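To keep things clear, I will list the structure first and then write my remarks on it.
Nothing in this text is a laboratory measurement; each read-out follows from the coordinates by a stated rule. This structure is a prediction, so every number in the text was calculated from the model and none was measured. Cβ atoms come from the backbone with ideal geometry, glycine included; neighbour counts cover every protein chain shown.
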Amino acid sequence: MHNQQSLRWRLYLLFLALRSILFWLVFMPSVIFFALLLTLVFFTSLDFKILLIRSWINLNLFCLKYICGLDYQIEGLENIPDHGFIVMSKHASTWETIALQKFFAPMVWVVKRELLHVPFFGWGLWSMDAIAINRGTGRQAIKQLTDQGIARMREGRIVMLFPEGTRVLPGQYKPFKLGGAILAHDSGHAILPIAHNAGEFWPRHSLIKWPGTIKVVIGKPIEPGDDAPEQIIKRVEEWVLGTCEQISDQKQLQRLGLVQPD
């Protein structure tokens, strides 16, 4: 009996792996095609480039749903301000780097400068005027973030960043960095926090994309007020991590071996 269950599980994992490979056969060429296209049309209007990006997003979300069985549901769309805010999201997966652009436009990413050197992908970021930070320069990097972030928001753009700085596995903790809170403090713009559990279905460094429904929650804007950046980022971190814990899929965590079954 145990051997039969083990065999079924292995066959199931093989099935999931084959579906995930099929998705990658669509995803990677789409990255190359759309990034190259964005680079070639860098001189066109922002609205046109956003149209291209959303076409790429819709293609990949469609493939995730119908190839991998991975869908999403979102709460809190009514919390999105009309303009002038900074998005701070939990970072645990590749999924949010694709999907979140669907809900915020015109958006500009805050990224590591090294990403601009990645063929195709980095060219697309350059075409969209990403704020590319050299994180090893300390205060200079913060000044670059605030100067360019405020300039982009004056142009009507929405600044998007991951305060953890890198993808973090579910259940693990990495302190939120101060950069986004300093930008909010200096600009006076609110922070829109986002929690999700995408890392439980598309884990970092994993081929398999598990079927299910990713939950995304958009919180109410967090106004900087007179708070210091340390106080602002604490409020953001507490809301994001607390909400992530509430929406976590315990069965999926058990499948990944991140928690023990009851």
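Values for this structure:
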read-out: Options [x] 7, 32, 38, 18, 4, 0; [y] 7, 27, 28, 20, 13, 4, 0; [z] 7, 28, 35, 22, 6, 2, 0 - which one matches P(r) over Cα pairs in 10 Å bins from 0, in percent as calculated here; value: [z]
read-out: In nm, spacing of pseudo-spin labels at Leu18 and Tyr66 (7 Å Cα→C-beta vector); value: 2.0 nm
read-out: Crossing angle, helix 139-154 versus the chain [Cα axis fit, 0-90 degrees, rounded to tens]; value: 80 degrees
read-out: Exposure proxy order (Cβ contacts within 10 Å, fewest to most) of Ser20, Ser6, Ser93, Ser206; value: Ser6, Ser206, Ser20, Ser93
read-out: Pair Glu245, Ile150: separation of 7 Å Cα→Cβ label points (nm); value: 3.6 nm
read-out: Net dipole in debye of the chain [+1 Lys, Arg Cβ; -1 Asp, Glu Cβ; about Cα centre; nearest 20]; value: 920 debye
read-out: Net charge of Cβ neighbours under 13 Å - reference Met160; Lys, Arg +1; Asp, Glu -1; value: +2
read-out: Backbone N under 17 Å from the Leu77 label point (7 Å along Cα→Cβ), restricted to the range 211-251; value: 214-220
read-out: Entries in Lys112/Lys143; Lys102/Lys220; Lys49/Lys215; Lys65/Lys234; Lys49/Lys220; Lys112/Lys251 that, when Cα-Cα distance is taken, lie over 25 Å; value: Lys49/Lys215; Lys65/Lys234; Lys49/Lys220; Lys112/Lys251
read-out: Amide H partners (placed H, <5 Å) of Gly171, local residues excluded; value: none
read-out: Dipole axis of the chain (+1 Lys, Arg; -1 Asp, Glu on Cβ), positive-most option in Ile233, Pro193, Tyr66; value: Tyr66
read-out: 0 to 90° range, to nearest 10: angle between helix 2-40 axis and the chain longest Cα axis; value: 30 degrees
read-out: Pairwise label distance in nanometres, Lys177 with Asp226, each label 7 Å out on the Cα-Cβ vector; value: 3.1 nm
read-out: For the chain: relative contact order, % (alpha-carbon pairs under 8 angstrom, 6 or more apart); value: 24 percent
read-out: Folded to 0 to 90 degrees: helix 229-247 orientation relative to the chain principal axis, Cα; value: 20 degrees
